[in-house]
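Structure record follows, encoded as structure tokens.
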Amino acid sequence: MYHEICKRAREKKIDFNIMRILTLDVGNTSVDACYFDGDKVFFMGKFAHNNIDTLEGNWDRVVAVSVKASLENTLRKVFGKKLKILKLEDIPLKVDYQSPETLGIDRVLFAYGVKEFFSESAILVMAGTALVVDLLFKGVFKGGFITAGLSLKLKALNQSTEGIPSYKPEILDTFLGRNTFECVMAGVYVESLSFIKEAVRRFSHITGLELPLFITGGDGKHFSSLGEYDPIILHKAMHRLVGGKQ
């Protein structure tokens, strides 16, 4: 894996005297990986949890954020002392939340990234296994709403019924489903879209402001028309936290 990256990097004329940093976003179903050569970022792809060892390489530093604690020992075995697994206290962002011990660190890291690169007040949509809509207000993470994401909804419908096939998420906003695919796909998409829009309405009401909306996550592209879509903002935030600049 690393030698392939080196080959691609040489083709792009990357200076290997610059610090090489690997960033890992360990989600519930997969691991997103990016590497940084100085301030240049390259998305490596999505990796299965049992393929983390393929990411081993001659990195100067490895930074990870994980919502899957059961994988942290594996990460330490693969990357050793170069690894830094971020915890809530590592993120310099004020959190106004009643149960921080159960707060997903990816939500706070997303808020930190938006604050650093875009705005101190915003609505944050993270579309992955879970669909999360959070409020960042005046530089403070305030909390939000969580429901099942598009892929999880489709999987649950397929596994809990005999008549609904397995589908992958697509954008389908129709006034009337005329076949099973349309009924299911438009159903989960419109439901998720309505969830986001209602959260936006409520956040706008309590703040009295029309806030910018930022989107990330594996299914975030399906909602990109609603605001600013940045699929690697968590990686850029991790890079910033270990001293990188962008």
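The numbers here are math on the coordinates, done by the rules we state, and not lab data. On a predicted model such as this, the values are computed, not experimentally measured, just so you know. Virtual Cβ from ideal backbone geometry, glycine too; neighbours counted across all protein chains shown.
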Among the DSSP H helices of the chain, those whose Cα atoms extend at least 24 Å along the helix axis and whose mean Kyte-Doolittle hydropathy is 0.0 or higher are 180-207
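Give the longest segment of the chain that steers clear of chymotrypsin sites (Phe, Trp or Tyr not before Pro) in DSSP loops with at most 12 neighbouring Cβ atoms within 10 Å, not counting the sites themselves.
Numbers: sites that count: Phe16, Phe175.
Value returned for the longest uninterrupted segment is 17-174.
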Note down the relative contact order for the chain as a percent, whole number, built from C-alpha pairs under 8 angstrom at least six residues apart.
16 percent
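Of the DSSP beta bridges with both residues in the chain, give the percent that are antiparallel, rounding to the nearest 5. Numbers along the way, then the final one.
Numbers: 28 of 45 bridges.
Around 60 percent antiparallel, to the nearest 5.
Are there any trypsin sites (Lys or Arg not before Pro) in the range 130-202 that are in a DSSP loop and have at most 13 other Cβ atoms within 10 Å? List them by number. The partial results should precede the final answer.
On the way: sites: Lys138, Lys142, Lys153, Lys155, Arg178, Lys197, Arg201, Arg202; in loops: Lys138, Arg178.
Passing sites in the range 130-202 are Lys138, Arg178.
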Only one of the listed values, (i) 32, 23, 17; (ii) 25, 20, 16; (iii) 33, 18, 16, was derived from the coordinates as semi-axes √(5λ) of the Cα gyration tensor in Å; which label is it?
(i)
What does the charge add up to near Ser194, with Lys and Arg as +1, Asp and Glu as -1, over the other residues with Cβ less than 12 Å from its Cβ?
-1
What whole-number distance in Å separates the alpha-carbon centres of the range 185-233 and the range 98-136?
12 Å
Going through the range 36-120, which GluC sites (Glu not before Pro) have at most 13 other Cβ atoms within 10 Å and a DSSP loop state?
Glu120
